[in-house]
Amino acid sequence: MSVLTDTLLAGCREMGIELTNTQVKLFEIHFRLLVAAGKKFNLTGIVAEKEVAIKHYLDALTCLKVIKNGQEKVSLMDIGTGAGLPGIPIKICRPEIDLTLVEAQKKKTLFLEQIKDVMALNKLKIVCARAEDIGRNQDYRGKYDWVVARAVSDLKVIAEYGLPVVRTGGYFLAMKGPKATEEINNAAGPVKILGGQIEANISVKLPVTGEERNLVLIKKIRPTPEKYPRRAGIPRKRPLV
């Protein structure tokens, strides 16, 4: 087996995830395409097999600690997905999920279309758009059970990207590094304005390295006011307080 596969299997076992041969092959396909297209599409600076397995794939799969099995139909949007992370690893392990990948850069969405075709993934939609525009589009607004964002921006900014798309009763999951507490404290007010409520900050450690990650879970408890999200670029320039 390759270093990628060895690391992935060992890490998944540590997380309580058992991969099938088919799922392992899908991760290997994504890795080959990622390395081949990485420089051309500016996807990632991480290309070593062990690092990709840990920092991209296992990192993405920490979301499954929160997004549990049991629902027959689950819709999930990954905002600012880049190379399809965390969405594609989640989809590999939970193929029943209806997944929408949102990416603003056209060249990256071309890579994602290639991924979709080569990996033959069903129930996968790729959208080239700014998150703010998606949040105002009635085809997406208030429609998703789950919205995830990985290392996109400060929590009070990405809450304005993600919460408008979540259905009432659904969840926004922000993947953060070890220093999430200050962001959470600063985001409480903005999250409330947007119709959300911070439910938990789940600390996890990556397999193999033990690096700390935080999964910030926000429940949508009421509809987001119509004026949010504000137009493209404003949430980052003038974050809610």
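Derivation of every value follows stated rules applied to the coordinates shown; laboratory data play no part. All values derive from a computational prediction rather than experimental measurement. Heads up, the Cβs are rebuilt from the backbone with ideal geometry, glycines too, and the neighbour counts pull from every protein chain shown.
Using Stokes-Einstein with the Kirkwood hydrodynamic radius over Cα pairs, what translational diffusion coefficient do you get for the stretch 68-237 at 10 °C and a viscosity of 1.306 mPa s, in µm²/s rounded to a whole number? Approximately 98 µm²/s, per Stokes-Einstein. Cβ crowding within 10 Å ranks ASP6, ASP117 as ASP117, ASP6, fewest other Cβ atoms first. Distances between placed amide hydrogens fall under 5 Å for ALA200 paired with LEU217, all partners being 5 or more residues away or on another chain. Between the Cα long axis of helix 181-193 and the first principal axis of the chain there is an angle of about 50°, rounded to the nearest 10.
Highest mean first, the peptides 9-20, 140-151 sorted by other C-beta atoms within 10 Å per residue fall in the order 140-151, 9-20.
What net charge is computed for the residues neighbouring GLY87, neighbours being all others with C-beta under 15 Å from the C-beta of GLY87, Lys and Arg scored +1, Asp and Glu -1? Around GLY87, the surrounding residues sum to 0. Axis angle, to the nearest 10 degrees, between helix 3-15 and the longest C-alpha principal axis of the chain: 50 degrees.
Comparing LYS68, LYS108, LYS205, which has the greatest mean-square fluctuation in the GNM of the chain with Cα pairs linked when under 10 Å apart? So, out of LYS68, LYS108, LYS205, the one fluctuating most is LYS68. Looking at the stretch 68-237 only, what percent of DSSP beta bridges run antiparallel? Nearest 5 please. In the stretch 68-237, DSSP labels about 45 percent of beta bridges as antiparallel. Reported to the nearest whole Å, the Cα centre-to-centre distance from the stretch 79-143 to the stretch 30-59 is 17.
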